[in-house]
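In what follows, a single structure is set out as structure tokens and then discussed.
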Amino acid sequence: MAREPREGGRGGRDRDRDGGDDLIDKLVTINRVAKVVKGGRRFAFAALVVVGDQKGRVGYGAGKAREVPEAIRKATDRAKRAMIRVPMKEGRTLHHDVEGNFGAGHVVLRSATAGTGIIAGGPMRAVFETLGIGDVVAKSLGSRNPHNMVKATFDALQRCASPRSVAARRGKKVSDLLGKRDAPAAQEGADA
């Protein structure tokens, strides 16, 4: 198990699992919950984990158990079963800006130029790091609850589309959607 230091906040444990698809899981948050019974309170732990292969696949899961490691294991297993594929531009950013909602959570994700880095808050940062996106600007405008933020981020990521998929859906060529790249440069050279 390899662990990286974290800047603070709640949770934030990185673990690299041996085996499978080289998946990286990040613990977004861990919460102690209590159930009141006849003899007092019974404590359990709820964990939220994000899993990804840093190549465009990512998933999240929540798990609850009496012990922390068991809660993390359950959440990780659920995250692995619920992975989605996200199209990325040049393997580093999103193709277009997108918004996502879940409950009171509202997030805005914007593609960024090379070298920008990941500009996002805690739960969203975990999603982008495990997804493999290197340049993105994100803002959470609604709920600060980690569960709502992660689910709103996944809602936005599921709305992302690549130019190839849009062209196929519309029955056009990718060059028809994006336009000619060399035409403006050739025209400027002719004018000079």
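List of remarks:
- Scan of the stretch 72-107 for residues that are assigned to a strand (DSSP E or B), aliphatic (A, V, I, L, M) and within 25 Å of Ile30 (Cα to Cα), ordered by number: Ile84, Val107
- Criterion: within 29 Å of Ala167 (Cα to Cα) and crowded, with 18+ Cβ neighbours inside 10 Å - qualifying residue of Phe45, Phe102: Phe102
- Of the residues making up the stretch 22-42, those that are closer than 20 Å to Arg81 by Cβ and outside any strand (DSSP E or B) are Asp22, Leu23.
- Within the stretch 160-175, residues that are free of Cβ contacts under 8 Å to residues at least 60 places away in the same chain reach partners that are among the basic types (Lys, Arg) and assigned to a helix (DSSP H, G or I) with beta carbons closer than 9 Å, at six or more positions or on different chains, in the pairs Val174/Arg164.
- Of all the numbered requirements in (1) of a type outside the set (Gly, Ala, Ser); (2) assigned to a strand (DSSP E or B); (3) under 27 Å from Gly134 (Cβ atoms); (4) modelled with pLDDT of 95 or more, Phe45 misses one, and that requirement is (3).
- Gly132 falls short on exactly one of the conditions (1) under 14 Å from the mean Cα position of the chain (by Cα); (2) surrounded by 16 or more Cβ atoms within 10 Å (Cβ to Cβ); (3) at negative phi, and that condition is (3).
- Residues of the stretch 135-150 that turn out to be under 22 Å from Ser162 (Cα atoms) and either of a type in the set (Phe, Trp, Tyr) or touching a Gly at 6+ places or on another chain (Cβ under 7 Å) (or both), as a count: 1
The values are calculated or read from the model by the stated rules, or taken from the named source; none is laboratory data. Everything numeric here is computed off the predicted structure, so don't read it as measured data. All Cβ positions, glycine included, derive from the backbone under ideal geometry; neighbour counts span all protein chains shown.
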